[in-house]
Amino acid sequence: MKQMEDDVSRLIQNFSRFGHFIKRRSRNDDLRAGEIAILRCIIRHTDGPDGEIKPSQISALMGLQQPSITPSLRSLEERGYVRRRNSDQDRREVFFSVTDKTRTMAAEERRRTAQMFAGLADYLGEEDTRKLMEIMERVSSYLDQQIEAGPKGNCSGRERRSQQGGNREE
């Protein structure tokens, strides 16, 4: 029993350290975490460079109330990360899309992430990398099963992992 408690404690510590590392690594001096989440949501749920999305869609995908994302969208627009366009048919209807500035930032983040994980794979070696991937897939599957809250197709990334060939259920 004591060994199980120690193992659980070590799991918690390691997951916590990993989470802190990811947060520090993806920190952007110009963007808050919520703004980054909004940008990721827009990118993930729009097609092509001119893809647009309504604020109501963003808030629904993120499981938030629309008024809670409005200040962030306004701030992102002022700083050049998103572009706002009013509908030609109904001037009250607004659409947002990401700018080249955001696409460049996202591409750089993907490059840095790939570089970091390539370094990890090199550090672990081929055999341990494969073992880690197998274990992480099982962990992800377990955690996905534990998630009950939130609308289907949200910006949590669960649906994206499933679309990328994972056999986990949403």
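Among the residues making up segment 36-73, those that are over 17 Å from the mean Cα position of the chain (by Cα) and farther than 15 Å from VAL98 by Cβ are SER56, GLN65, GLN66, PRO67, SER68, THR70, PRO71. Among ARG85, ARG111, which is the only one that is free of Cβ contacts under 8 Å to residues at least 24 places away in the same chain and basic (Lys, Arg)? So the residue among ARG85, ARG111 that is free of Cβ contacts under 8 Å to residues at least 24 places away in the same chain and basic (Lys, Arg) is ARG111. A Cβ distance below 6 Å, combined with a sequence gap of six or more or placement on separate chains, defines the contacts here; from segment 120-149, residues that are over 17 Å from ASN14 (Cα atoms) reach no residue that is modelled with pLDDT under 95 and hydrophobic (A, V, I, L, M, F, W, C). Counting only helices (runs of 4 or more DSSP H) that fall entirely inside segment 1-79 and contain at least 2 residues that are charged (D, E, K, R), free of Cβ contacts under 8 Å to residues at least 60 places away in the same chain and surrounded by 11 or more Cβ atoms within 10 Å (Cβ to Cβ), the qualifying elements are 66-78.
The values are calculated or read from the model by the stated rules, or taken from the named source; none is laboratory data. Everything numeric here is computed off the predicted structure, so don't read it as measured data. Glycine also receives a Cβ, built like all others from the backbone with ideal geometry; neighbour counts cover every protein chain displayed.
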